[in-house]
Amino acid sequence: MRRNSLGVLAIVLLPSVCAADSPARVTASAVPQAAALKLDGEFNQTVWERAPAISDFRQRDPKDDADPTFPTDVRVAYDATNIYVAVNAHDPEPDKLVALRTRRDSVSPSDWITVLIDSFHDRRTAFEFTVNPAGVKRDTYWYNDNNQDEGWDAVWDVAVSRDKDGWRAEFRIPFSQLRFRHAANAVFGFAVVRQIGRLNETDTWPLISKSANGYVSSFGDLTGLQLSASQNRLELVPYAVGQLKTQPDDPGNPLVSRRDPNASLGLDLKYAVRPSMTLTATVNPDFGQVEADPAVVNLSGFETFFSERRPFFVEGSGMFTFDMDCNDGSCSGLFYSRRVGRSPRGSPEVPEGGFIDVPQQTTILGAAKLTGKIGKFSVGALNAITADEKASIALGTVRTTQSVEPLTNYAVVRARREFVNQSTIGFIVANTARSLNADTSFLPGKATAGGIDWDWRLKKRYALQGYWAGSTIHGSAESIEQLQTSTVHSFQRPDAEHLEYNPTATSLNGYGASVAIAKLGGSKVRFNSNVSVKSPGLDLNDLGFMRRADVRSMSNWIQFRRDTPTTHVRNFRWNLNQWASWNYGGDRMDLGYNVNAHWQFTNNWRTGTGLTVLPRPFDDRATRGGPGAYGNAKLAYWQYVEGDDRKPISIGNFFNLGADRYGTHWLGAEPFVTYRPASFLSVSGGFRYFRNVDDSQWIENADDGHYVFGHLDQSTVALTFRANYTISPQLTIQIYAEPFVSAGDYTGFKALVNGRAPQYHDRYAPFEYASNPDFNFRSFRTTNVLRWEYKPGSALFVVWQQGRQDTLDTGQFKFGRDFGGIFGAPSTNVFLVKWSYWLNY
């Protein structure tokens, strides 16, 4: 075949199915076709007549390796610039197809067809392209065999059609959106997944078994691809943003304007440095269309973790993960991208009679990342620069500025060596460098963290996993002292002989490590046992996320599972957990036992319940830098139920409660309902209620040396509303709104007298406290977005955001007063229009 041939070549695929741990091998041959393919979903081009079909699909769910209820056949073709996949999903009752019209990348209980391409043929990374009968598209990037990056977006196209025999999908996937090595006889990993909505059935080719320890490693092969021609290598997405901010008047404040218009230009770029390596960059990024974080009231001494939502940082984030702390699937570790563009931390003093305006976020001047493959290594490098952010200060006619966050460079380098047996060994280095001045000397000038991690597979389904990490931070004595005395470290604790508090130190160093043995696959039993340590000086928070140092911990988890359906139960999980932790001084801070079970029924309802026993803990952060204190043993219970989301109305609830024997107890409920009156419209509402009564909530460390606590009665209520209206798969409207109230009433003030007393009543003594720590925080946040993808890769956003916030001195919660008062609070509005245009060279 000529190098520059534009002929379409059909791939003859001889079906073969093997066990999940031994992927099917597919032989392919090319059949020339003179004309280019036009997408219509009808399969009337002659190339599809000559291409034999893959048809030996197997069930993945509910019955692993059973015959599918309905047949499916697949044909594949390609030309010099695209790969084409034609999928015919047979269905004797096409009027029962589930085709919910939602926004792009939205998961719904529809029928779906998914094409997965492991273009590197490394058995661990893949590009996923999905469509439902309404033409809604989803795309995902798979990495590390089992992990998904749902923030990955590609420019591709698909056409769907229906007839009396079922429905069809015809995919056109540009080679420019894939990563692969050019070769005269290239081999791709390949799989197709079909989901049948009304049956809640998943069929795959080849079989991707639920009991397998990997997903991408279960794919079949697509061979015979002649990929020697060069592809388009450069994508540019310039964009323009126009914004108008309105805010309440502040009489006499010359720094606040009731109307604040703004406009900016930016650029996103993707460049294929080589076929297996992509450079992604953004200049002056704008994330105005991103939904706001939910409101919280945090009374603990530790930082609240918020997930990343900004598209540039979400896409490809899996390459940079180095997880050190995981809880119920949410993980944090050495890289936390929300440090880039964080809220400024400087707090300038306002002169008497003066005014100040502090930016809410630090401006990101630009960011770039390089990701891909070099030989047997997956590699990634990210660099971002944020501006020297300044607060404006006005005193009379005098205007001054003061830095509140310095010019900062963030850099991360990550690499993993990958082996044939799915094992990996990797390393990461993260560095933060700040250009400091007198105003920002309270921050360290340089912070570096790094580590190595491994996942070594033993007999396919077992693994020896772990990591070692270290950090070093350098700065002024003031900056290092702030780190030492923060709740992350608490070096100044008077009852911690193992800690060395040094207010003159100009550096802080530490390490962390973990080792685990796990069973990753299997149809009946899986487990994980691990031990880990974080030394007192470890600190990752310049570019990572870590709540605390000075901890040694262990945990054990074992799961018993059944995936074979019975008359009423579709699948079942039973988990046993045990964990404990100590600080380096030997205090046992935590000990817990938990048993929980989960059922999915054949009618698609789900439920689960769990019981947790917590023996007496020791809280070495109880006084935020003072002596630690014992807590009380607790018992906790939770349960959830979720309805069938295929129905027009689905409901659910999460419920939890717990208590000790000394006046502390809590109760939480989160009911929700989703209503789909039509395939193109969904409305959902949720109610979050949490009542927390804590008999020993820390308030402050008084100037006279007392550590003040109180009996807190706190009520938190939030109402969440979402609406999604899909005019077409390319034109959608999203509405999100959340009023939030949290009120806390303090009584029974006391002072800590002996935190290590065995009996609770001996730890505290009554205390006369004159201040009023009661609080009543009220907020309302809404984000409303119209998104129009007027051509593939190009979009127009029209956004309206509103925020309201208010506080009261009372700690009493009254539903009518507090929720009614939210909408009487002053509002800040942002109206934004963002236009982008995709160019490919």
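When the residues M319, M554 are ordered by accessible surface, computed with a 1.4 Å probe over the protein chains alone, the sequence from largest down reads M554, M319. Once the mean of 1/r is taken over each pair of separate Cα atoms and inverted, segment 505-574 shows a Kirkwood hydrodynamic radius of 15.2 Å.
3J(HN,Hα) couplings calculated from phi for segment 40-53 with the Karplus curve 6.51 cos²θ - 1.76 cosθ + 1.60 (θ = phi - 60°) are, in sequence order, 9, x, 9, 6, 9, 6, 5, 4, 6, 6, 8, 8, x, 9 Hz; Gly and Pro show x. Give the residue from Y336, L808, F572 lying farthest towards the positive end of the charge dipole for the chain; charges sit on Cβ (+1 for Lys and Arg, -1 for Asp and Glu) and the dipole is referred to the Cα centre. The residue sitting most towards the positive pole is F572. If you wrap the tightest convex hull around every Cα atom of the chain and split its volume per residue, you get 166 Å³. Put a dot 7 Å past the Cα of I517, heading toward its Cβ, do the same for I727, and the two dots end up 6.1 nm apart.
With the cut-off at 1.5 for a/c, could you classify segment 177-300 from its C-alpha gyration tensor as rounded, prolate or oblate? Oblate.
A crude spin-label estimate for the pair N284 and F690, with each label 7 Å from Cα along the Cβ direction, gives 4.0 nm.
Only one residue of F302, A272, P285 has its Cα farthest out toward the positive end of the dipole of segment 220-308, where Lys and Arg carry +1 and Asp and Glu -1 on Cβ, and that residue is A272. Our coupling estimate for segment 631-639, obtained by passing each phi through the Karplus curve with A = 6.51, B = -1.76, C = 1.60 and θ = phi - 60°, is x, 10, 4, 9, 10, 10, 9, 9, 7 Hz, Gly and Pro reported as x. With the whole protein complex present, L752 retains an accessible surface near 20 Å², based on a 1.4 Å probe. Among residues other than A633 with Cβ under 10 Å from its Cβ, the summed charge is +2 (Lys and Arg +1, Asp and Glu -1).
Using a simple spin-label model with pseudo-atoms 7 Å out from Cα toward Cβ, Q482 and E349 lie 1.6 nm apart. Among K270, K376, K137, the sequence by solvent-accessible area, most first, with a 1.4 Å probe is K376, K270, K137.
Computed with every protein chain present, the accessible area of E308 is close to 40 Å² [probe 1.4 Å]. Remark: the R756-F819 segment gains 18.5 nm on full extension, using 0.36 nm per residue and subtracting the alpha carbon distance.
Each residue of segment 835-841 was assigned a 3J(HN,Hα) from its phi angle through the Karplus curve 6.51 cos²θ - 1.76 cosθ + 1.60 (θ = phi - 60°); the sequence is 10, 9, 9, 8, 10, 10, 10 Hz, with glycine and proline shown as x. Pairs of Cα atoms in segment 536-638 fall into 10 Å distance bins, from 0 up to the last occupied one, in shares of 13, 30, 27, 19, 10, 2 percent.
In the context of the full set of protein chains, the chain has a per residue accessible area of 43 Å² (1.4 Å probe). When the accessible area of the chain is split by element with a 1.4 Å probe, what percent falls to carbon and sulfur? The nonpolar share, carbon plus sulfur, comes to 55 percent. For a test of the definition: using alpha carbon positions, the gyration tensor, and the 1.5 limit on a/c, classify segment 38-185 as rounded, prolate or oblate. Note, shape of segment 38-185 comes out rounded. Cα gyration tensor of segment 183-247, axes a ≥ b ≥ c as square roots of the eigenvalues: rounded (a/c below 1.5), prolate (a/b > b/c) or oblate? Note, shape of segment 183-247 comes out oblate. Could you tell me what fraction of 2.2 N^0.38 Å the Cα radius of gyration of segment 695-826 comes to, as a two-decimal ratio? So the Cα radius of gyration is 1.63 times the expected 2.2 N^0.38 Å. Surface listing: W454, W152 arranged by accessible area from highest to lowest gives W454, W152, probe 1.4 Å. Relative contact order of segment 621-755, taken over Cα pairs closer than 8 Å and 6 or more residues apart, is 18 percent. Maximal additional length on extending the V297-S435 stretch stands at 46.4 nm, based on 0.36 nm per residue less the C-alpha distance.
The values are calculated or read from the model by the stated rules, or taken from the named source; none is laboratory data. Just so it is clear, the model here is predicted, and its values are computed rather than measured. Note that each Cβ is placed from the backbone with ideal geometry, even for glycine, and that neighbours are counted across all protein chains shown. Side chains included, ligands, DNA and RNA excluded: accessible areas come from the protein's heavy atoms. Shrake-Rupley method; radii C 1.70, N 1.55, O 1.52, S 1.80 Å.
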